[in-house]
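Colleague: Structure in structure tokens, see below.
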Amino acid sequence: MLDEFGQTEARKYSRENLLMPANQISATLTQADRDAALAAITTVKENLSFLIDLTAEERKALPKMGDKSRAFVIKALEVATQNPDFLPRSFNLEEMRKDVQLFEALYAIVVAVTQLQELLNDTYMTVGSEAYSAALQVYNYAKASGQGAGLEAVVDELGQRFARKTKKTNPPSPSV
């Protein structure tokens, strides 16, 4: 695929144009550490066994409680607690109280997990980018110096990543 300058992705990242960016991450993740992290996630899921999975439609249909609504909900709970006589008998005040308490208790966990997810996503994206940039350099170095070094087949195989796919065009339908 050509970019806005008419270059293919492989050409755009040629040896002359691609300087190895500063390696932001130089780390390894041992199998033991990976297993421990996954076990910790499993433990969190077990400790929060009441977590549910909503469909996109269900999520969209729910009234949302954000930071602006928190004060409203707390005040409504206080009003309901101090004046339960005006509520219909079918209203479950204790269930409302449990929902508010659980929402408040989950808030710190949601903030911590959101921060962790951002760190994971940024790290994953960065190491992927570093690996891909290095692979592009290897490919360009192999293309430049691979003639006669027995690298032609490997260069061709690596080059398949940048092969253009031909578009099949449907023949125009005859006008009637």
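Colleague: Given the conditions (1) under 27 Å from SER26 (Cβ atoms); (2) exposed (fewer than 11 other Cβ atoms within 10 Å of the Cβ), which single one is not true for ALA135?
Modeller: Of the numbered conditions (1) under 27 Å from SER26 (Cβ atoms); (2) exposed (fewer than 11 other Cβ atoms within 10 Å of the Cβ), the odd one out for ALA135 is (2).
Colleague: Those residues that are within 30 Å of the chain's Cα centre (by Cα) and in contact (Cβ under 8 Å) with a residue 40 or more places away in the chain, I need them from the range 141-162; list them, please.
Modeller: GLY159, ARG161, PHE162
Colleague: Quick one: LEU87 ticks every box in (1) farther than 30 Å from ARG34 by Cβ; (2) under 21 Å from the mean Cα position of the chain (by Cα) except a single one, so which number is it?
Modeller: (2)
Colleague: Suppose we filter the range 46-75 for residues that are aliphatic (A, V, I, L, M) and closer than 24 Å to LEU93 by Cβ; how many remain?
Modeller: Within the range 46-75, residues that are aliphatic (A, V, I, L, M) and closer than 24 Å to LEU93 by Cβ number 6.
Here's the yes/no breakdown for (1) among the small types (Gly, Ala, Ser); (2) at pLDDT below 70; (3) in a helix (DSSP H, G or I):
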| site | (1), (2), (3) |
| --- | --- |
| SER129 | yes, no, yes |
| GLY148 | yes, yes, no |
| ALA153 | yes, no, yes |
| LYS165 | no, no, no |
| THR169 | no, yes, no |
| SER175 | yes, yes, no |
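Colleague: Okay, next question. Hey, can you tell me all the residues within the range 45-74 that are hydroxyl-bearing (Ser, Thr, Tyr) and surrounded by 10 or more Cβ atoms within 10 Å (Cβ to Cβ)?
Modeller: SER69
Colleague: Filter the range 60-78 down to the residues that are part of a helix (DSSP H, G or I) and either within 27 Å of the chain's Cα centre (by Cα) or within 12 Å of ARG97 (Cα to Cα) (or both) and list them by number.
Modeller: Once the filter is applied, which keeps residues that are part of a helix (DSSP H, G or I) and either within 27 Å of the chain's Cα centre (by Cα) or within 12 Å of ARG97 (Cα to Cα) (or both), the range 60-78 yields LYS60, ALA61, ASP67, LYS68, VAL73, ILE74, LYS75, ALA76, LEU77, GLU78.
Colleague: Out of the residues in the range 28-49 that are in a loop (DSSP other than H, G, I, E, B) and without any contact (Cβ under 8 Å) to a residue 12 or more places away in the chain, state the one that is farthest from SER129 (Cα to Cα).
Modeller: Among them, the one singled out is SER49.
Colleague: Looking at the range 102-110, is at least one residue small (Gly, Ala, Ser), at pLDDT below 95, surrounded by fewer than 12 Cβ atoms within 10 Å (Cβ to Cβ) and farther than 30 Å from GLN24 by Cβ?
Modeller: The answer is no, given that none of the residues of the range 102-110 is small (Gly, Ala, Ser), at pLDDT below 95, surrounded by fewer than 12 Cβ atoms within 10 Å (Cβ to Cβ) and farther than 30 Å from GLN24 by Cβ.
The values are calculated or read from the model by the stated rules, or taken from the named source; none is laboratory data. Values in this document were obtained by computation on a predicted structure and should not be read as measured data. Neighbour counts are summed over all protein chains in view; Cβ atoms, including those assigned to glycine, are modelled from backbone coordinates with ideal geometry.
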